[in-house]
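Below: the structure, in structure tokens.
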Amino acid sequence: MLDQLNEIEKAALESLQSITDSAALEAWRVSHLGRSSPLMSVFAGLGKLSKEERPAVGSGANRVKVALEAALEERSKIVKEAALAKSLEEESLDVTLPGRGVHVGRLHPSTQQLRKVMGILADMGFQIYTSREVETDEYNFQLLNFPPNHPARDMQDTFFVEADGRGDNPILLRTHTSPGQIHAMREYAATNPDNPPPIRIALPGMCFRYEQITARSEIQFNQVEGLVVGENITFADLKGTLADFARRMFGQHARVRFRASYFPFTEPSAEVDVECFVCGGKGCGVCKNSGWLEILGCGMVHPVVLQNGGYDPARYSGFAWGMGPERQLMLRYKIDDIRYFWGNDLRFLEQF
Amino acid sequence: MKIPISWLKDYIDLDGLSVEDIARKLTLAGLEVDEIKYAGLPMPTYKGGEKHEFKTSGIAWDKEKLVVAEIREVKEHPNADRLTLLDLFDGKENQTVLTGAPNIFHLKGTGKLAKSIKVAYAKEGTMLYDGHAEGLQLMTLKRTKIRGVESYSMVCSEKELGISEEHEGIILLDDDAPVGMPLAEYMGDAVLDISIVPNMARNANVVGIARELAALTGRELKRPTMDNGRRTKKSGQSSAVNGQSVTELVEIEITNPELNPRFVAGLIRDIEIKPSPYYIQRRLRLAGIRPISNIVDATNYAMLDIGQPLHAFDYDVLVSRVGQIGNLSHKIKIITRAAKDGEKLTTLDGKERELTSANVLVCDEKGSLAMAGVMGGAESEVTDKTRNILLEGAAWNFINIRKTAKQHNLPSEASFRFSRGVHPAMAEQGVKRGLELMAEWSGGQIAPDLVDVYLLKPKDPTITVTTKDVKRLLGIDLTAKQIAELLTRLEFKCTVDKNSVKAKTPPHRLDIGEGAIGLADVLEEVARVYGYDRIPETRMSDSLPPQVGNPRHEWEEHARDILTSLGVQEVVSYRMTSPERESRLVAHDEYVTLANPIAPERRVMRRSLLASLLENVEKNARAESISMFEIGSVFEPNKNDLPNEPRKFAIAMTGLRTQTAWDVKDSASFDFYDMKGRLELLLSGLRLASVSYTPTDSAPFLHPGKAAQVSVNGQTVGVFGELHPLVKEKYDFEDSPVIVAEFDLDALRNATPTYGIAPVSEFPPVLEDIAVIVDESVTAERVEGLIKQTGGKIVTRVRLFDVYRDEKIGAGKKSLAYNLTYQSEKTLTDAEAAAIRTKIVKRLEHEVGAKLRS
């Protein structure tokens, strides 16, 4: 009987060695460990054995059962690993096939740039102030120290709106966001006319100039202006603040220079150039080989403008500056045609 | 304005300063050099990757290869009729040169010349511009044979040397040009092209620039000679003055000093009209002015020199006009007055111009002679026969000149200056300088004295600047003495008293105001001369203002973020459109209309944001999928007052719903519910609850059966739907439907947001599907409402997942299938869930006649 058990074990283990897939493994389990397997017949026949034989055969059968189960488990592990290895090998993809796209919404590049500019200004304590796009001559020019027929008006060709009986104060499309300077100063000053509070604001928005639409000139463009008014604001502060701003905007190591200039609503006035960030100042097509890029105009708020805003120029001073996000984008991305911005061709917009 | 360095050197010693040094100093001080054009002087090469500073063009002249030479003999070319052979001496050797230059051609075959002709001579291997090429092409002079005669060098035109576009003939140098001298040394030049900003108009001349440079470098400013009658500097000869005083021959009447503060006139007799000296012609060309004749050139040269535009009248024409009106005294009376409306004048460009009372005229007793400050008249202009000149130097009202030049479209060097303001003191200096140059170049005799009527003097304000002002506004510490020193360099007359400086404005500038304005004006001058680059960079020490934020702007930006996260692309359109363009979508009667549009299709301000957006969809119509939005203002006219500028937002979607890929073939187009889904997400992102969608006919541009109105808390905020087929036809769209939405942003922003959230339960939810059959007339919104109402708090989510119709269900019926989520603050039993379900089904049966679908 014990010999028979050894035979059963030997035959089972032998047949197990050649099994390579899980179906055969299951078949092996049924035939060697299943109800009608020889081993189970031995168990079933235990009752018929003599008292003396029974313990030895019983424990022998158990040993064989444990051995076969262990062998099955081990084999099954090997089979599984082999199957996994095989499937990993068979399931490889062509990784060069294109990925599946999703519809992506992007902000218009001008919005992105406006946010970048205003984000930096917000960090520096500037509040955002917005005002209307259609303005009066008074707010767009006169209160900003552009008297009627002043030659400085030639610098800003203007769209006028049809309206009767306006005299010297026609309605026009704002040529800059500067009318907001007056609106803001008057609003702030109204809160405490005797001691108007200090101001630190950024004025973003769409502006309009009477131009032909060409690759270099547009009838509308965004502008962001900054305005600071307070009791201790100096030209040195203007330089420090705008140099800080320019370095955050164009790189911590960007060289910045201030050139004297003229704007009717600031004095002293300056234009700020930053070292060309395309060529590092070595000369390229973007900076027209000048090594510098003009990025903003600025100056100390003109006394007439302070006065018109309700701030006494003998006590208060301030500075203001303006810049164009589209121009910045054109320089940064080497965009050679300004008409792309309002053309809204998806093939352009999708690149931002 | 173009300033040749050689001219500048007449008035300031520039030793030790490179052209770029000069340009840099001027640029930083507000005289921005846009470009440096080299015409002979050494050019920077930038070989080693040095930093650039200026846009540069032009060429440098080779000192060895380009020299002054003299033509001694002019011979014929043996084989070519149109060429001449020149024998010339270059200072070392004799050379034979071929030329076809027309201004030498008349001497062909003359042989030895009685008087040699000085020319610019280029040897073999010289780098020059090709005179025959279009535009500017560099070339190297090579040895060749032209019709059997060897050619290895040439005599140059201005174009070849990069002086001007002139290639009609070769340069004929002045007689005193030293033979053999390198041309670069003799007349090598560079031209600074300087932008003149409006408050720098005083510097639109060579002396002005030299004065600025003198102030910036602390060097001395030399002044041009204008001391008629004393020795002139250039020729060393006396500009002869004699004859009857001009005051006995001419009188002046100014009718309105506001328009004409000053009028000065001088007389020069017995002039000979001929070309100006070559060096003058060259300078004028470099400065962008075409040389005409010595007299005309003298007026232009004096203007560029000191900034005063002049006008030369043929004196004899004026005298004969006096005779024509029978005035036997022969005394000329110049009258300045406003033109009469409709009065006519033929200007020297040959055009008859109709004038208005906004124009000012220079007249005599017979009638008009010239359009003051803008253009002279044809009758009294200088001609080849002119012998005597009456020279006008006047001051005009800059606003009036500006209007006149614009009105007649006559921008000129003179009107450029007058329209920005020329100090009346310059009128006298201008006439003196002009006469001086005319005498020198034409051999004429200057009549004694000037007629001068000066009725309105500028204030030339005196401004008090204190050290405290400088500290307060510029942020630097300067002593009163330092301030005075800086201003004195610009010719302010300064007196120092302790910590303050009284500075009197010099009589050549009109840009210094009075009081607080004058102070700002003068501080700018202090800063400029001190140097913007020397002022430190400081951080503001002033207190931070109230941090009020801008909720409206922040809210809009938030809306933009939500929309882009939903896959919708932002666009920004032109605000200007035309009623025709907009009327494809929606017609309006009134617009904010431009008085001066650039084009008819951009003549009004938009009233419909959606119309703008649809134009963008149209432009992109070939894209397989388009979802776009814009946020911006529209403009509602308000009679003759400022318009209202409400903020709107619009979305448009068309094309494929799913992006195609190599294994994605879904070809379904965007429809109503794609838009609605995005709007629902947008509104929930903006935390707006109580949103309802109702069918609407309020937007005629929408498909009547596929249009909805959106309300928040009962307040209408927008509409959306599919574009009406007839509207869609008007655009160049592809086949798939165009789904649009337009919202009133202000109404949306004013709706009250709800910030609460639903708690997230830790207990497992029970999920269940339920399908009910209802009449077509029962809306999904109604069914959903009943489910929520009946289920109460336990039903946390109701999602419609199928709408089904077929014969089995019956005509006029539909099946609505929902996923329901039951959730409680404990684990729900099956029995509890079943009870809710039964309740819901019963309610639906009772309220809308629903039948449970098995």
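What the table shows:
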{"read-out": "³J(HN,Hα), Karplus 6.51/-1.76/1.60, whole Hz, each residue of segment A:169-177, x for Gly, Pro", "value": "10, x, 8, 8, 8, 4, 8, 7, 7"}
{"read-out": "Ordering of B:68-74, B:123-129 by burial proxy (mean other Cβ atoms within 10 Å per residue, highest first)", "value": "B:68-74, B:123-129"}
{"read-out": "Per-residue average of Cβ from other chains inside 10 Å of A:314-320", "value": "2"}
{"read-out": "C-alpha long axis of helix B:206-217 to longest principal axis of chain B, angle in °", "value": "70"}
{"read-out": "Full-extension gain in nm, B:Thr821 to B:Thr356, via 0.36 nm per residue minus C-alpha separation", "value": "159.0 nm"}
{"read-out": "Within segment B:482-502, backbone nitrogen closer than 18 Å to the virtual label 7 Å beyond the Cα of B:Lys457 toward Cβ", "value": "B:492-494"}
{"read-out": "Segment B:281-292 - phi-based ³J(HN,Hα) in whole Hz, Karplus 6.51/-1.76/1.60, Gly and Pro as x", "value": "4, 5, 4, 4, 4, 4, 7, x, 10, 7, x, 10"}
{"read-out": "Antiparallel content of DSSP bridges confined to chain B, in %, to 5", "value": "90"}
{"read-out": "Distance (nanometres) between label positions extended 7 Å along Cα→Cβ at B:Arg72 and B:Lys274", "value": "2.5"}
{"read-out": "Ratio Rg/Rh, restricted to segment A:60-156 and using Cα atoms, in which Rh is the Kirkwood radius", "value": "1.68"}
{"read-out": "Lys, Arg +1 and Asp, Glu -1 on Cβ, resulting dipole of segment B:556-691 about Cα centre, debye, nearest 20", "value": "120"}
{"read-out": "Share of carbon and sulfur in the accessible heavy-atom surface of the protein assembly as shown [1.4 Å probe, %]", "value": "50"}
{"read-out": "Shielded by partner chains, segment B:473-487 residues - at least 50 Å² of accessible area, 1.4 Å probe, vs chain alone", "value": "B:Leu473"}
{"read-out": "For segment A:328-342 and segment B:72-128, distance of Cα centres in Å", "value": "53"}
{"read-out": "Averaged over B:621-632, number of beta-carbon atoms from partner chains that fall within 10 Å", "value": "2"}
{"read-out": "Cα-based equivalent ellipsoid, chain B: semi-axes from gyration tensor eigenvalues, Å", "value": "80, 35, 30"}
{"read-out": "Segment B:678-777: chymotrypsin sites (Phe, Trp or Tyr not before Pro) falling in loop per DSSP and having at most 14 other Cβ within 10 Å", "value": "B:Tyr755"}
{"read-out": "Segment B:698-833 - percent relative contact order, Cα under 8 Å, separation 6 or more", "value": "22"}
{"read-out": "FRET efficiency for B:Asn596 and B:Trp555, using Cβ-Cβ distance with R0 set to 45 Å, rounded to 0.05", "value": "0.80"}
{"read-out": "Order by protection proxy (mean Cβ within 10 Å, highest first), peptides A:103-116, B:80-93, B:179-192", "value": "B:179-192, A:103-116, B:80-93"}
{"read-out": "Packing-based order for A:19-26, B:163-170, using average beta carbon neighbours within 10 Å, highest first", "value": "B:163-170, A:19-26"}
{"read-out": "Of every Cα-Cα pair in the protein assembly as shown, the percent that sits beyond 47 Å", "value": "54"}
{"read-out": "Potential extension, B:Thr796-B:Asp81 segment - 0.36 nm per residue separation minus Cα distance", "value": "246.9 nm"}
{"read-out": "Inverse mean reciprocal Cα-Cα distance (Kirkwood Rh) of segment A:43-111, Å", "value": "18.5"}
{"read-out": "Pairwise FRET efficiency - B:Asp34 versus B:Val149, Cβ, R0 = 51 Å, nearest 0.05", "value": "0.70"}
{"read-out": "Relative contact order computed over segment A:125-231 (Cα-Cα under 8 Å; 6+ residues apart), in percent", "value": "31"}
{"read-out": "Computed helical MRE - 222 nm, chain A, DSSP H runs ≥ 4 contributing -39500 (n - 2.57), nearest 500", "value": "-12500 deg cm²/dmol"}
{"read-out": "Inter-chain shielding of B:562-574 (mean C-beta neighbours from other protein chains, 10 Å cut-off)", "value": "6"}
{"read-out": "Cα centroid separation, segment B:421-461 to segment A:143-162 (Å)", "value": "33"}
{"read-out": "Cα point-scatterer Debye curve for segment B:267-324, base-10 log of I(q)/I(0) at q = 0.12, 0.29 Å⁻¹", "value": "-0.34, -1.20"}
{"read-out": "Centre separation in Å (Cα based) which lies between segment B:755-816 and segment A:1-45", "value": "58"}
{"read-out": "Paired Rg and Dmax values of segment B:451-505, which use every Cα atom, in angstrom", "value": "14.1, 49"}
{"read-out": "Length-normalised contact order for segment B:50-143 - Cα pairs under 8 Å, 6+ apart - percent", "value": "28"}
{"read-out": "Mean projected area in nm² (Cα convex hull; one quarter of hull surface) for segment A:150-224", "value": "7.2"}
{"read-out": "Virtual paramagnetic centre 7 Å along Cα→Cβ of A:His253, amide N under 14 Å, in segment A:275-290", "value": "A:275-282"}
{"read-out": "Value of [θ]222 nm, deg cm²/dmol, for chain B, DSSP H segments ≥ 4, -39500 (n - 2.57) each, nearest 500", "value": "-7500 deg cm²/dmol"}
{"read-out": "Solvent exposure of the protein assembly as shown as accessible area per residue, Å², 1.4 Å probe", "value": "45"}
{"read-out": "Solvent-accessible area of B:Phe649 with every protein chain in place, 1.4 Å probe, in Å² to the nearest 10", "value": "0"}
{"read-out": "A:Arg339 paired with B:Thr464, simple spin-label distance in nm, labels 7 Å along Cα-to-beta-carbon", "value": "6.0"}
{"read-out": "Kirkwood hydrodynamic radius of chain A, Cα pairs, Å", "value": "27.0"}
{"read-out": "14 Å reach of a label modelled at B:Glu624, 7 Å along Cα-to-Cβ, counting backbone N of segment A:79-122", "value": "A:98-104"}
{"read-out": "Estimated distance in nm for a label pair at B:Arg387 and A:Thr214, the labels positioned 7 Å out from Cα along Cα-to-Cβ", "value": "5.0"}
{"read-out": "FRET efficiency for B:Arg782 and B:Thr660, using Cβ-Cβ distance with R0 set to 51 Å, rounded to 0.05", "value": "0.85"}
{"read-out": "A/B buried area, accessible surface, summed, 1.4 Å probe, Å²", "value": "8900"}
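The values are calculated or read from the model by the stated rules, or taken from the named source; none is laboratory data. Worth saying up front: this structure is predicted, and the values here are computed from it rather than measured. Glycine gets a Cβ as well: all are built from the backbone with ideal geometry, and neighbour counts include every protein chain shown. Protein only, heavy atoms only, side chains kept; ligands, DNA and RNA dropped before computing areas. Shrake-Rupley method; radii C 1.70, N 1.55, O 1.52, S 1.80 Å.
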